[in-house]
Amino acid sequence: MTMAPSDREETPPPSRRRRRLLAALAALGLGGALLWLARPRVDPAAHAALSRLVYTKLQEPDGTPRRIAEDWRERVRVINFWATWCPPCRAELPLLAAASRAWKEEEVQFLGLALDDKEAVRRYLEHTPLPYPVLLAPPSLLDLTVPLGNRRRVLPFTLVIDPEDEQVAAHVGPVTKEKLDGWIKAALATGTTPP
């Protein structure tokens, strides 16, 4: 029995099928390459610096030893590097104090890392108490902020890290309430920085 031309299924010749297959494979390869390029990049130097920072033993002004990764784990941490001799740092502290109070019901911990003399910090906090812990940081700790985004080693410098100790945001200079709230919301929701 012979089929009428209208009854036969059109099958593309082998060369056309091969071109379609190659085009589909190329599209899949391009899509995979684009996904690979768009993946979040972890800078090994930044990862190592952040790990050293959160596991460094620091002290409160009264001498109580602390480690950020151990004492405030499973929280979003807002870490502000400051000093009593730094006018922009002192100007920023009321905003950080207010933000700390505003976020106190969430899993957010504000921390001040004072790159300063113990007595100077103690005197400052007696006159201007902060609603969050302040830890004394040796000047060498400022070097760890370079791969985290503080290339000039200046103060104030603020980091936001998620509960898994991954950096969400870094900011040189005084922060704004809007930026800080955006970073914290992003860290609480997805662990990523907002666009």
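Observations on the model:
- Entry remark, the stretch 57-105: residues being among the polar types (S, T, N, Q) and over 18 Å from the mean Cα position of the chain (by Cα) number 3 in total.
- Check on Thr158, out of contact with any His (no Cβ under 9 Å at 6 or more places or on another chain) and touching a residue at least 12 places away in the same chain (Cβ under 8 Å): no
- Taking the listed residues Arg123, Arg90, Arg75, Arg101, the one that is farther than 21 Å from Leu180 by Cβ and of a type in the set (Lys, Arg) is Arg123, with no other qualifying.
- Selection from the stretch 106-145 of residues that are under 16 Å from the mean Cα position of the chain (by Cα) and closer than 21 Å to Lys57 by Cβ: Gln109, Phe110, Leu111, Leu144, Thr145
- In summary, no strands (runs of 3 or more DSSP E) completely within the stretch 84-169 bear 2 or more residues that are of a type outside the set (D, E, K, R) and either over 26 Å from Arg52 (Cβ atoms) or touching a Cys at 6+ places or on another chain (Cβ under 7 Å) (or both).
- Set side by side, the residues Leu130, Leu111, Leu53 differ, and just one is surrounded by 20 or more Cβ atoms within 10 Å (Cβ to Cβ) and in contact with a helix residue (DSSP H, G or I) (Cβ under 6 Å, 6 or more places away or on another chain), which is Leu53.
- Check on Pro87, within 20 Å of Asp162 (Cα to Cα) and free of Cβ contacts under 8 Å to residues at least 40 places away in the same chain: no
- Pairs where the first residue, in the stretch 127-147, is free of Cβ contacts under 8 Å to residues at least 24 places away in the same chain and the second is assigned to a helix (DSSP H, G or I), C-beta under 9 Å, 6+ apart: Pro129/Ala97; Asp143/Ala49
- Residue check for Tyr132: modelled with pLDDT of 95 or more and touching a Gly at 6+ places or on another chain (Cβ under 9 Å): yes
The values are calculated or read from the model by the stated rules, or taken from the named source; none is laboratory data. Fair warning: this is a prediction, and the values are worked out from it, not measured in the lab. No Cβ is skipped: glycine too gets one built from the backbone with ideal geometry, and neighbour counts run over all protein chains shown.
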